[in-house]
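One structure is given below, encoded as structure tokens.
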Amino acid sequence: MSSTASAASPNTPYVAGVPRRIPAGELRARIPGWGADLDPADRPSVPRERTDLSTGAHWVFPEQQPEHQPRERSVEHAFLTPVFGSSVPLKGISGAMRRYAYRYSEARAAHWLILMAADRVDAGGSHLRSLLTPHPDNPVTETGVLSEFSRHGLSSRLGRNRADVKEQAVVPFVAAGPWVMAGVGGYAVFRAVRRAVGR
């Protein structure tokens, strides 16, 4: 367990009880401007800030959902959340990338960049796997490229100060990339088999 996780464990939101309070003087000395809203007269939400109300929860700690296979966990948390999603289990290269991303703090760019790259790998793998099914993905109809010629596609993109104009130059490569790679790979396999048979 990382030092970050162990340090956060006493104040984890999943354990009943009052978290450790840092003295106001220490916070004021460490954080410029801290305590500017301590005066209740400056806080319009004060009447709603009731700490004497019961939550009505019938548990001290919620029942932990069974973990049938290892799940990723943020280093900011001491342990896995009591409830987590299980409809899309991690698999293959994208799953390994996602597990690796959780070695980094959520405050690090590496965490999110690896997760985004894993999504692209997963999407590309899904496209390639669809080629082995009776009904493979159709990049022409499923990407909506035909509407570019019938629904004012070009005029809606130019001269309207759109923020995604630069991104549009990359989209065809992202959408067609897996298909081009599959075609090149298939052609390479065909040539290799043809050479082997020709010998």
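Just so it is clear, none of the values below were taken in a lab; they were calculated from the coordinates. Fair warning: this is a prediction, and the values are worked out from it, not measured in the lab. For neighbour counting, all protein chains shown are included, and Cβ atoms are generated from backbone atoms with ideal geometry for every residue, glycine included.
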note = Length gained, TRP112-ASP39, 0.36 nm per residue minus C-alpha separation, equals 22.4 nm
request  = Pull out a ≥ b ≥ c, the square roots of the eigenvalues of the alpha-carbon gyration tensor of the stretch 98-191, then state rounded if a/c is under 1.5, prolate if not and a/b is larger than b/c, and oblate in the remaining case.
outcome  = oblate
ask   = How far apart, in nm, are the 7 Å Cα→Cβ label points at LYS166 and SER54?
value = 5.8 nm
request  = Figure the gain on full extension for ARG73 and ALA29 (residue separation times 0.36 nm, minus the Cα-Cα span) and round it to one decimal in nm.
outcome  = 12.5 nm
ask   = Could you give the nm distance between label points at VAL140 and SER105, where each point is 7 Å from its Cα heading toward the beta carbon?
value = 5.2 nm
ask   = To the nearest 20 debye, what is the magnitude of the charge dipole of the stretch 89-199 about its Cα centre, counting +1 on the Cβ of each Lys and Arg and -1 on the Cβ of each Asp and Glu?
value = 440 debye
request  = Report the full-extension gain for the segment SER126 to LEU90: residue separation times 0.36 nm, less the Cα-Cα distance, to one decimal in nm.
outcome  = 11.6 nm
